[in-house]
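The values are calculated or read from the model by the stated rules, or taken from the named source; none is laboratory data. Here the structure is a predicted model, which is why all the values come from computation and not from measurement. Because the Cβ atoms are built from the backbone with ideal geometry, glycine has one as well, and the counts that use them run over all protein chains shown.
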Amino acid sequence: MVTGFIGGRIIVGNGKVFERGSVLVEGERIAKVSEKEISIPKEAQRIDLEGRSLLPGFIDCHVHLCLDGSPDPIGALVREHASMVTLKAAEAARRTLLAGVTTVRDMGGKEGIDLGLKAAIRSGLILGPRMLASGRLICMTGGHGWQLGKEADGPDEVRKAAREEVKAGVDVVKLMATGGVMTPDVEPGSEQLTEDELRAGIEEAHKAGRRTATHAMGTQGILNALRAGIDSIEHGVFLNEEAISLMVKRAVPLVPTLSALYHIEKKGIAAGIPAFAVEKTLRIKPFHLESVRMARESGVCVAMGTDAGTPFNLHGENLGELMRLMEVGYSAMEAIQAATQVAAKVVGLEKELGTIEEGKLADLVVVEGDPIEEIDILLKPEAILLVMQGGRFVKAAPEILK
Ligand SMILES: [Zn+2]
């Protein structure tokens, strides 16, 4: 199949914009990118970009497809049968893709559901974004996320747990360096897996060619993970100068997931969110915003991630995170880059995805208008006119195929 996108705004993903550019897609890849109008083969499907923008498919570096975005998603996960969790996760994957998010990194599933989902999407059984999966997160006994993770204590047990996840086929090993919000009786600022435990897990992942990520909110846990050689910091609520300078020096990215605390604060206890989660959120959120501002000013690489699946942080509304990034000082272009070029690098797919360049996979999105001028257009389902994944239309509004 050949598709020609002609005569409109191309937001490349690397900070550049072609105001009247063209893109030719052949098979699953981008065959040609031009700053001007080009002639397209007769047999090609022609997509007129007049008044519209073409962007790379968005990449969300932190989702939980097994969490349903209900007021108490961990409670729902524990109560519900694995088959129900799986069916809901499949629907979440479909909604995510149709919103223009063509790749996700799942940061914690249950009972291998994320791995099955990934296989189902890859084989074409169900619609969903390209997935990188972390399987079961690894935490200390009773540590944050134990309800869905694998509990491990001491470097030997963490090493074994990491080997088990690699054996199960994960793309990334997730290690819990601190407490968090959604687990009762656990402090977000507290250390959890120790530096030695983290190092053992990271070593095993790296030996097998896998990346690692850490849930890390408190300062000491963030430092432990950085010293142990972690590949990305998720959340980063209490960053300090030392953490930031290590992140800059070693090019360790931050995936802030601002949407998680944003929605918990906004909806609150009245909406049914557990009181302990709301209380912790109100306490830590100002520090989080300040940390992300500091990270930005210091040149830490920040990638888009939502923590979708946490309370009211709905699958398919992932791009709301771009607005959250803009609230802490990012321009629209920087926010889009965080969700395209930078995110591709964080998930290790920068050669294939993240920008509109010749030779890359044709994961593309067409939106009405100009999201650089009006970022919230990306949250309107009717403005997402077309979603292409590997050269195939997965969503196409009737008016765009004329
Ligand atoms: Zn998460």
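So which residues in the stretch 208-220 are more than 21 Å from the chain's Cα centre (by Cα) and farther than 25 Å from Val237 by Cβ?
Once the filter is applied, which keeps residues that are more than 21 Å from the chain's Cα centre (by Cα) and farther than 25 Å from Val237 by Cβ, the stretch 208-220 yields only Ala208.
Before we move on, is Ala205 over 19 Å from Phe238 (Cβ atoms), crowded, with 21+ Cβ neighbours inside 10 Å and out of contact with any strand residue (DSSP E or B) (no Cβ under 9 Å at 6 or more places or on another chain)?
On the way: over 19 Å from Phe238 (Cβ atoms): yes; crowded, with 21+ Cβ neighbours inside 10 Å: yes; out of contact with any strand residue (DSSP E or B) (no Cβ under 9 Å at 6 or more places or on another chain): no.
For Ala205, the condition - over 19 Å from Phe238 (Cβ atoms), crowded, with 21+ Cβ neighbours inside 10 Å and out of contact with any strand residue (DSSP E or B) (no Cβ under 9 Å at 6 or more places or on another chain) - is not met.
Considering only residues that are part of a loop (DSSP other than H, G, I, E, B), within 21 Å of the chain's Cα centre (by Cα) and more than 16 Å from the ligand (Cβ to nearest atom), which ones fall in the stretch 232-249? Working first, answer last.
Within the stretch 232-249, the subset part of a loop (DSSP other than H, G, I, E, B) is 232, 236-240.
Filter once more, so that each one left must be within 21 Å of the chain's Cα centre (by Cα): 232, 236-239.
Passing the criteria: Phe238, Leu239.
Does the stretch 324-332 include one or more residues that are hydroxyl-bearing (Ser, Thr, Tyr), part of a loop (DSSP other than H, G, I, E, B), buried (at least 17 other Cβ atoms within 10 Å of the Cβ) and within 16 Å of the ligand (Cβ to nearest atom)? Walk me through it before giving the result.
Within the stretch 324-332, the subset hydroxyl-bearing (Ser, Thr, Tyr) is 330-331.
The next check asks that each one be part of a loop (DSSP other than H, G, I, E, B); those that pass are 330-331.
Cutting the leftovers down to buried (at least 17 other Cβ atoms within 10 Å of the Cβ) gives us 330.
Within this subset, residues satisfying the condition of being within 16 Å of the ligand (Cβ to nearest atom) are none.
No, there is no match, as no residue in the stretch 324-332 is hydroxyl-bearing (Ser, Thr, Tyr), part of a loop (DSSP other than H, G, I, E, B), buried (at least 17 other Cβ atoms within 10 Å of the Cβ) and within 16 Å of the ligand (Cβ to nearest atom).
Taking the stretch 288-318 only, how many residues are of a type outside the set (Ser, Thr, Tyr), within 14 Å of the ligand (Cβ to nearest atom) and under 24 Å from Ala271 (Cα atoms)?
The qualifying residues number 9.
When the stretch 258-286 is examined, which residues are found to be surrounded by fewer than 18 Cβ atoms within 10 Å (Cβ to Cβ) and aromatic (Phe, Trp, Tyr)?
Phe276
Pick out the one residue from Val387, Val394, Val365 that is farther than 15 Å from Val23 by Cα and not in a loop (DSSP other than H, G, I, E, B). So that I can check it myself, show each step before the final result.
Working: Val387 fails: farther than 15 Å from Val23 by Cα; Val365 fails: farther than 15 Å from Val23 by Cα.
Matching residue, one of Val387, Val394, Val365: Val394.
May I ask you to list the residues in the stretch 250-287 that are under 18 Å from the mean Cα position of the chain (by Cα) and either within 16 Å of the ligand (Cβ to nearest atom) or not assigned by TED's automatic domain parsing to the domain that holds Ile202 (or both)?
Across the stretch 250-287, the qualifying residues are Pro253, Leu254, Val255, Pro256, Thr257, Leu258, Ser259, Ala260, Leu261, Tyr262, His263.
Gly305 fails exactly one of the following numbered conditions: (1) in a loop (DSSP other than H, G, I, E, B); (2) crowded, with 23+ Cβ neighbours inside 10 Å; (3) more than 18 Å from the chain's Cα centre (by Cα). What is the number of that condition?
All conditions pass for Gly305, except number (3).
Within the stretch 64-90, work out how many residues are of a type outside the set (A, V, I, L, M) and touching a residue at least 40 places away in the same chain (Cβ under 8 Å). Explain how you work it out, then say what you get.
Step one: filter the stretch 64-90 for residues of a type outside the set (A, V, I, L, M), giving 64, 66, 68-73, 75, 79-81, 83, 86, 88.
Then keep just the ones that are touching a residue at least 40 places away in the same chain (Cβ under 8 Å); that gives 64, 66, 68-73, 75.
Looking only at that region, the number is 9.
Any residue at all in the stretch 182-191 that is outside any loop (DSSP other than H, G, I, E, B) and touching a Ser or Thr at 6+ places or on another chain (Cβ under 9 Å)? Before the answer, list the steps.
Within the stretch 182-191, the first condition is being outside any loop (DSSP other than H, G, I, E, B), and the residues that meet it are 191.
Subset that is touching a Ser or Thr at 6+ places or on another chain (Cβ under 9 Å): 191.
Yes: the stretch 182-191 contains one or more residues that are outside any loop (DSSP other than H, G, I, E, B) and touching a Ser or Thr at 6+ places or on another chain (Cβ under 9 Å).
I'd like to check something: does the stretch 128-145 contain any residue that is touching a strand residue (DSSP E or B) at 6+ places or on another chain (Cβ under 9 Å), among the basic types (Lys, Arg) and crowded, with 24+ Cβ neighbours inside 10 Å? Reasoning before the result, please.
Start the filter on the stretch 128-145 by keeping residues that are touching a strand residue (DSSP E or B) at 6+ places or on another chain (Cβ under 9 Å), which leaves 128-145.
Filter once more, keeping what is among the basic types (Lys, Arg): 130, 136.
From what is left, the residues that are crowded, with 24+ Cβ neighbours inside 10 Å are 136.
Yes: one or more hits.
Taking the stretch 208-225 as the search range and keeping residues that are in a helix (DSSP H, G or I) and crowded, with 24+ Cβ neighbours inside 10 Å, which one is farthest from the ligand (Cβ to nearest atom)?
So in the stretch 208-225, the residues in a helix (DSSP H, G or I) come out as 219-225.
Keeping just the survivors that are crowded, with 24+ Cβ neighbours inside 10 Å gives 221-222, 224-225.
Numbers: Gly221: 15, Ile222: 15, Asn224: 18, Ala225: 15 Å.
Per the stated criteria, the residue is Asn224.
Could you identify the single residue in Val394, Val387, Val347, Val367 that is β-branched (Val, Ile, Thr), surrounded by 16 or more Cβ atoms within 10 Å (Cβ to Cβ), in contact (Cβ under 8 Å) with a residue 12 or more places away in the chain and farther than 25 Å from Glu50 by Cα?
Within the list Val394, Val387, Val347, Val367, the selection yields Val347.
Go over the candidates Glu321, Glu358 one by one and state the one that is within 16 Å of the ligand (Cβ to nearest atom) and in contact with a strand residue (DSSP E or B) (Cβ under 8 Å, 6 or more places away or on another chain). Lay out the reasoning, then the answer.
On the way: Glu358 fails: within 16 Å of the ligand (Cβ to nearest atom).
Residue meeting the stated conditions: Glu321.
Within the stretch 97-118, can you find the residues that are more than 25 Å from Cys139 (Cβ to Cβ) and either in contact with a Phe, Trp or Tyr (Cβ under 9 Å, 6 or more places away or on another chain) or within 16 Å of the ligand (Cβ to nearest atom) (or both)? Lay out the reasoning, then the answer.
Of all residues in the stretch 97-118, those more than 25 Å from Cys139 (Cβ to Cβ) come to 97-103.
Within the stretch 97-118, Ala99, Gly100, Val101, Thr102, Thr103 qualify.
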